[in-house]
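K.L.:
Have a look at the structure that comes next, please.
The values are calculated or read from the model by the stated rules, or taken from the named source; none is laboratory data. Keep in mind that what you see is a predicted model, and the values were worked out from it rather than measured. Cβ placement follows ideal geometry from the backbone for every residue including glycine, while neighbour counts extend to all protein chains displayed.
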Amino acid sequence: MKKIILSLIILSTIVGCSNNDSNEKNKEANYSVPDTLNFTIFNNKLVLNIENQGETALNYTITSSKNYVALSKKEGAVTSLNHDEITVTVDKQNLPNGKSYSKLYLNINNKKDSIVVSVTNFVEQKVTLNSDVVDAEFSKVTNQLVYVSASPSAVNILSANTGSIESITLPYAPTCVSISPDGKTAVTGHDRYISYINLINKTIIKTYPVSCYANDIVLGNNKWAYVFPAKGQSTFIRSINLSLTTDNEYEHIGERIYEGNKARLHPSGKYIYGAENNLSPMDIEKYDIQNGNAEYSYDSPYHGDYIMNGNLWFSEDGNRIFTRGKTVFKTSELRSQDMLYNGTITTETNPYTPIQWLDHSSVKNNLYLLLVADDNWNQKKLPNIYVYNDSNLSFKSKIPLEQFLVSKSESNKVFYDAEPYFVFSNSAGNNLFVIVKATGAGLAKEWAIEKINIE
């Protein structure tokens, strides 16, 4: 708060005295105004008080250096020991994220003064989605993010280059999605159906009946789809020949799998690796798809020695497997060298809390992790991206995710953490795409995609 004292000399001519006779009376005019007006994210309007703390009346004018700052009045007078109020309103609509500065210029009894106006603005960078998100994959060949939604039932295609989203209506609610290695087609799983999608012309090629509820699905580079059942306990992979229109379902060859497996296509295109769920201990296993129908190969040489925890991801070259349990394994064509222990990712959470999602960018030599909090009952996803060195698994940095700003009313705004479900890097490695949810915020549209630039 500034307190200003002005010395005023008042000349009074005394009647009856000579021309040289005068009486000088000194009166002090003093006032106070704030140094700064601080507008937070949560307010657009403040009251500026000009306090007259002296015996002399004050006359003032006030102007703003920026047109986004509006004043309820631009001039006025303040009598002795009184104050005047000016309502200052800011229009944040075209202001950038972060802080913006301007000034108010005052002239009070011919003395110039100024007040700094600081405005903090929050502009959401996320793209709000018109649907939920059930599952998602990213093609680094086409730089497209493909996600499926149940409300409404659709395949949604985000172009990483343009930011545009196109949707294809599905006949049934989807449960999972897989993109072909060339990025041109995809398959979605449903309850007792799968849909084969052309991602180039945005059409459904065909919907096929299958004999299970699809917990997960993998699309090979051989026009076969592999469905992993959600139920059935000891069960079979359903291998679907997409080149046939009927009688195209086969049960996989060899040892049975267990319900609830999560699976991914190895970058070689020859194999699928699966992660067991609903078993103790949970293992990982390999299936050969070179002849079309899947054939069970073998599981890892470990049985409870390392935490695997029901999901897995590959390095871009396919030489390593990263499990949901933070354990890393090597891959090989040779069984004796396949799925051998290759390290553990150490995180700020305890060793038993899982990875929510993982992505590898060989261009940046980075692993991007989403982590689950230590609360075993809640399983809340932490609102950060954790960056690790892809060679030695050392921690590099943590990227906080943008929050959701929710207006409960005109005067009540609340921040909610963004809960991340998926993270993907583009082929150049300079962008991340994170699918997040405003859990518990009560928003009608609670899903969004945040794009993050990577240096």
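K.L.:
Which residues, counting only those in the stretch 291-315, are under 26 Å from LEU242 (Cβ atoms) and either among the charged types (D, E, K, R) or in contact (Cβ under 8 Å) with a residue 24 or more places away in the chain (or both)?
P.N.:
GLY292, ASN293, ALA294, GLU295, TYR296, SER297, ASN311, LEU312, TRP313, PHE314
K.L.:
On the basis of being assigned by TED's automatic domain parsing to the domain that holds SER149, surrounded by 15 or more Cβ atoms within 10 Å (Cβ to Cβ) and under 23 Å from ALA160 (Cβ atoms), does LEU432 make the cut?
P.N.:
yes
K.L.:
Let me ask something else. If I ask for residues that are assigned to a loop (DSSP other than H, G, I, E, B) and either at pLDDT 95 or above or aliphatic (A, V, I, L, M) (or both), which ones from the stretch 389-427 would you list?
P.N.:
If the condition is that a residue be assigned to a loop (DSSP other than H, G, I, E, B) and either at pLDDT 95 or above or aliphatic (A, V, I, L, M) (or both), then ASP390, SER391, ASN392, LEU393, SER394, LEU401, GLU402, GLN403, ASP417, ALA418, ASN426, SER427 are the ones that fit.
K.L.:
Any idea which residue in the stretch 351-385 is nearest to the chain's Cα centre (by Cα), counting only those that are more than 15 Å from GLY310 (Cα to Cα) and polar (S, T, N, Q)?
P.N.:
By that ranking, first place goes to ASN384.
K.L.:
Would you check which residues across the stretch 375-409 are of a type in the set (Asp, Glu) and loosely packed, with under 12 Cβ neighbours inside 10 Å and list them?
P.N.:
Once the filter is applied, which keeps residues that are of a type in the set (Asp, Glu) and loosely packed, with under 12 Cβ neighbours inside 10 Å, the stretch 375-409 yields only ASP375.
K.L.:
Could you grab the pairs with beta carbons closer than 8 Å, sequence gap of 6+ or different chains, first residue in the stretch 321-337 and at pLDDT below 95, second one surrounded by 23 or more Cβ atoms within 10 Å (Cβ to Cβ)?
P.N.:
none
K.L.:
Which members of the stretch 93-111 meet the condition of being modelled with pLDDT of 95 or more and among the charged types (D, E, K, R)?
P.N.:
Of everything in the stretch 93-111, those that are modelled with pLDDT of 95 or more and among the charged types (D, E, K, R) turn out to be LYS99, LYS103.
K.L.:
So, restricting to strands (runs of 3 or more DSSP E) that lie completely within the stretch 63-113, which ones have at least 1 residues that are in the same structural domain as ASN38 (by TED's automatic domain parsing), touching a Phe, Trp or Tyr at 6+ places or on another chain (Cβ under 9 Å) and small (Gly, Ala, Ser)?
P.N.:
Filter on the stretch 63-113 gives 75-78, 98-108.
K.L.:
Additional query: Checking the conditions here, which among ALA448, ALA438 is closer than 21 Å to ASN156 by Cβ and either out of contact with any Ser or Thr (no Cβ under 6 Å at 6 or more places or on another chain) or not assigned by TED's automatic domain parsing to the domain that holds ASN319 (or both)?
P.N.:
ALA438
K.L.:
Here is a further query. For the stretch 262-295, how many residues are within 17 Å of SER180 (Cα to Cα) and among the hydrophobic types (A, V, I, L, M, F, W, C)?
P.N.:
Residues flagged as within 17 Å of SER180 (Cα to Cα) and among the hydrophobic types (A, V, I, L, M, F, W, C) within the stretch 262-295 amount to 5.
K.L.:
List the pairs whose first member sits in the stretch 249-263 and is under 14 Å from TYR226 (Cα atoms), whose second member is buried (at least 19 other Cβ atoms within 10 Å of the Cβ) and basic (Lys, Arg), and whose Cβ atoms are under 9 Å apart, counting only residues at least 6 apart or on separate chains?
P.N.:
GLU249/ARG238; TYR250/ARG238; GLU251/ARG238; HIS252/ARG238; LYS262/ARG324
K.L.:
Name, by its number, the condition in (1) surrounded by 14 or more Cβ atoms within 10 Å (Cβ to Cβ); (2) over 20 Å from PHE424 (Cα atoms); (3) under 22 Å from the mean Cα position of the chain (by Cα) that does not hold for PRO152.
P.N.:
It is condition (1) that PRO152 fails.
K.L.:
Condition first: modelled with pLDDT of 95 or more and surrounded by fewer than 12 Cβ atoms within 10 Å (Cβ to Cβ). Can you find one or more residues in the stretch 7-23 that meet it?
P.N.:
no
K.L.:
While we're on this one: Which members of the stretch 297-336 meet the condition of being in a loop (DSSP other than H, G, I, E, B), among the charged types (D, E, K, R) and surrounded by fewer than 20 Cβ atoms within 10 Å (Cβ to Cβ)?
P.N.:
Listed by number, the residues that qualify are ASP305, GLU316, ASP317, GLU333.
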